[in-house]
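The values are calculated or read from the model by the stated rules, or taken from the named source; none is laboratory data. If you're wondering where the values come from, they're calculated on a predicted model, not measured in any experiment. Every residue, glycine as well, gets a Cβ built from its backbone with ideal geometry; the counts of neighbours run over all protein chains shown.
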Amino acid sequence: MSRPLERRFTADIASPGLAHGALHVLAGTGCCTAARVAGTPDEEREALEQAIAGAAEQLSELARKARPRAADILAGQIAVLSESELIGPVLEAIEGGEPAWSAFRDAVGLAIAERRTASPQARAEDLADLRDRVLRCLLGGEAEGPGELPAGAIVVAEALTVSRFLEVDWRRACGAVLLAGSPASHVALLARARGVPLLIRPDIDLAELEPGRDAVLDAEAGCLVLMPSPATSRDYDRRIAQRRHERDRKERWLSRPAVTADGMTVRVYLNVDDPALLEGIDPAHCDGIGLVRSEFLFPEEDGLPDEERQYRVYRALLTWAGGLPVTLRTLDVGGDKPVAGLTPKDEANPVLGLRGLRLSLARPEVFRGQLRALARAAAHGPLKVMVPLVTLPGEFDHARALLAEEVSALEKAGIGAVLPEFGMMVETPAAALNIAEFDADFYSIGTNDLVQFVLAAGRDNPAVAELLDPLNPAVLELIARVCARGRALGREVSLCGEAASRPECIPALLKTGVRALSVPPVALAEVKEAIALAEVGASV
Ligand code: PEP
Ligand code: MG
């Protein structure tokens, strides 16, 4: 019998990478359609309430094990379950004699069609996910889990919901192909964060993707190869082995402590803009989180969401860190990060305008809400709070006083809260030069802004990019000055600007006395390697 010929199909890349294995078709992820015999309106209402409670419990269980971004997505789903806007019409329809299952299905269908939900992070895909889960609970259809996957399987499905994605053991599966979906979906975001290669919308029918078929998933070129020839298989296996080798090499650096060639220990923290990037990181590989840019945590909001959601997300970061410190920076908008309704319009020279802490002090209602959420989260672990773009000691002291006020108000109201350590970003020349006047619990040097202000060269202006050198002696002198002050007081000085993740800058930065760097998760391995190769000598 002749061997089936290799066939190639184009597909869109939702998460890059390569995989070679046998196709494993996931059983239908759609909702149960088996109609249940309708009871009286009272019985139907009770059945709906039980199904909603059951779904919420399942989602909470998944969220407990999930990393911060996935947990936030699931929390959005749980929040939808108590939205009266959604549940009210369902109850009315039940009162009118409709069975609970079809009333619920139709109400969610309408919310999806109208893109209407009070939880801004819940998208249409999350509502569909939720609908299927509640209907399974309601109709008694067992939620069919993905089951034990054969090692090295390539998962194939019509579509994948977030909760189903989280149920798959991605240590066994090596990639996935979805017939539907979008690179902007929550599932695509989680796949990228975990390094799971994902192709979507291949130019092929599900019927042709027979379980067990040998396949190559090329989410670098955007193609799916069915029944690859021996030569194609060899070529991809070699490339996959190469990628694995690179990954293993990175892993080795990740698992080593950050110590310079001459024995100086350096703390390495993470910068977190998108908590999804923590999905693939082991907290044991870092010293905690050195900078959370809170303005990027809620991309679907103009600024910050309500106190409750902020609190949940901040607490989830502490849960991820498992006892390591998490430094969260209060809202830093304005300048190159305008926010509708919050930052001034048509500001002349906004980079030098009402931004960072200045804006927070000008909008105390927003700032106080964030401080409350932070103080409540601080009751769950070592949260540190810092404020951006500080120029004068008075600004810093004022911010600290507002925090103290909010903590005591929370305590009076019997709401669990803790006064967190309170530090500052050092990113204006005035703050660096005058550092002795700032009574902060810790200091974090923001070289992105500091360099642009010291060298009078905009950080986003390619025409002056050459001037933007974090190793300029004027910049290094200011960094050394802040470090000396931190040493004298026994307070930590870290550096969280982009310079910290540039291997070529690390030796010079360490020679200024900096002993803590905060870098994006993707740079962690490379930074640890650069530290291990650096010699700081008896510089400080
Ligand atoms: C910095 O200025 O170096 C910094 C870390 O803050 P941002 O880049 O968010 O301004
Ligand atoms: Mg800055």
For segment 487-518, enumerate the residues that are more than 19 Å from residue 534 (Cβ to Cβ) and within 16 Å of ligand 1 (Cβ to nearest atom).
492
Filter result for residue 133 (modelled with pLDDT of 85 or more, in a helix (DSSP H, G or I), within 16 Å of residue 161 (Cβ to Cβ) and in contact with a Ser or Thr (Cβ under 8 Å, 6 or more places away or on another chain))
yes
Selection from segment 188-216 of residues that are aliphatic (A, V, I, L, M) and farther than 24 Å from residue 67 by Cβ
204, 206, 207, 209, 215, 216
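Does residue 484 fit the bill of being within 16 Å of ligand 1 (Cβ to nearest atom) and either closer than 20 Å to residue 387 by Cα or part of a helix (DSSP H, G or I) (or both)? Break it down stepwise before answering.
Details: within 16 Å of ligand 1 (Cβ to nearest atom): no; either closer than 20 Å to residue 387 by Cα or part of a helix (DSSP H, G or I) (or both): yes.
Considered against the rule, which asks whether it is within 16 Å of ligand 1 (Cβ to nearest atom) and either closer than 20 Å to residue 387 by Cα or part of a helix (DSSP H, G or I) (or both), residue 484 comes out as no.
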The lone exception for residue 67 - which of (1) buried (at least 17 other Cβ atoms within 10 Å of the Cβ); (2) on the phi < 0 side of the Ramachandran plot; (3) modelled with pLDDT of 85 or more it fails
(3)
Which pairs do you get when a residue that is hydrophobic (A, V, I, L, M, F, W, C), found in segment 443-456, comes within reach of a residue that is near ligand 1 (Cβ under 7 Å from one of its atoms) and modelled with pLDDT of 95 or more, reach meaning Cβ atoms under 6 angstrom, with the pair 6+ apart or on two chains?
450/427
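Within segment 251-264, track down each residue that is in a loop (DSSP other than H, G, I, E, B) and surrounded by fewer than 22 Cβ atoms within 10 Å (Cβ to Cβ).
256, 257, 260, 261, 262, 263, 264
If you take the residues of segment 358-380 that are basic (Lys, Arg) and not in a loop (DSSP other than H, G, I, E, B), which of them is nearest to ligand 2 (Cβ to nearest atom)? Full working, then the answer.
So the first thing to find is which residues in segment 358-380 are basic (Lys, Arg), and the list is 358, 363, 368, 372, 376.
Filter again for not in a loop (DSSP other than H, G, I, E, B), leaving 358, 368, 372, 376.
Working: 358: 13, 368: 22, 372: 24, 376: 26 Å.
Among residues in segment 358-380 that are basic (Lys, Arg) and not in a loop (DSSP other than H, G, I, E, B), the one nearest to ligand 2 (Cβ to nearest atom) is 358.
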Hey, could you check segment 381-398 for residues that are surrounded by 17 or more Cβ atoms within 10 Å (Cβ to Cβ), touching a residue at least 60 places away in the same chain (Cβ under 8 Å) and away from ligand 2 (no atom under 16 Å from the Cβ) and say which is nearest to residue 326 (Cα to Cα)?
383
For segment 265-296, how many residues are under 20 Å from residue 253 (Cα atoms), in contact with a Lys or Arg (Cβ under 7 Å, 6 or more places away or on another chain) and in a strand (DSSP E or B)?
2
Those residues of segment 424-447 which are in contact with a helix residue (DSSP H, G or I) (Cβ under 7 Å, 6 or more places away or on another chain), assigned to a helix (DSSP H, G or I) and surrounded by 19 or more Cβ atoms within 10 Å (Cβ to Cβ) amount to 432, 435, 447
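When you go through 520, 470 one by one, which is the residue that is touching a residue at least 24 places away in the same chain (Cβ under 8 Å), within 16 Å of ligand 2 (Cβ to nearest atom) and more than 20 Å from residue 434 (Cα to Cα)?
Numbers: 470 fails: more than 20 Å from residue 434 (Cα to Cα).
Exactly one of 520, 470 is touching a residue at least 24 places away in the same chain (Cβ under 8 Å), within 16 Å of ligand 2 (Cβ to nearest atom) and more than 20 Å from residue 434 (Cα to Cα), namely 520.
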What is the number of the single condition among (1) out of contact with any strand residue (DSSP E or B) (no Cβ under 8 Å at 6 or more places or on another chain); (2) within 16 Å of ligand 2 (Cβ to nearest atom); (3) among the small types (Gly, Ala, Ser); (4) under 23 Å from residue 325 (Cβ atoms) that residue 430 does not meet?
(4)
What's the number of the condition residue 423 fails, among (1) within 18 Å of residue 364 (Cβ to Cβ); (2) within 14 Å of ligand 1 (Cβ to nearest atom)?
(1)
One residue is enough: does segment 481-494 have a residue meeting the conditions without any contact (Cβ under 8 Å) to a residue 60 or more places away in the chain, surrounded by 18 or more Cβ atoms within 10 Å (Cβ to Cβ) and within 21 Å of the chain's Cα centre (by Cα)?
no
Of the numbered conditions (1) more than 29 Å from the chain's Cα centre (by Cα); (2) crowded, with 23+ Cβ neighbours inside 10 Å, residue 469 satisfies every one except a single condition; which is it?
(2)
From the options 315, 329, 355, residue that is closer than 30 Å to residue 60 by Cβ and within 16 Å of ligand 2 (Cβ to nearest atom):
329
Can you say whether residue 347 is surrounded by fewer than 24 Cβ atoms within 10 Å (Cβ to Cβ), away from ligand 2 (no atom under 16 Å from the Cβ) and in a loop (DSSP other than H, G, I, E, B), as far as the supplied structure shows?
yes
Taking segment 402-420 and the residues there that are part of a loop (DSSP other than H, G, I, E, B) and under 23 Å from residue 486 (Cα atoms), the one that is nearest to ligand 1 (Cβ to nearest atom) would be 420
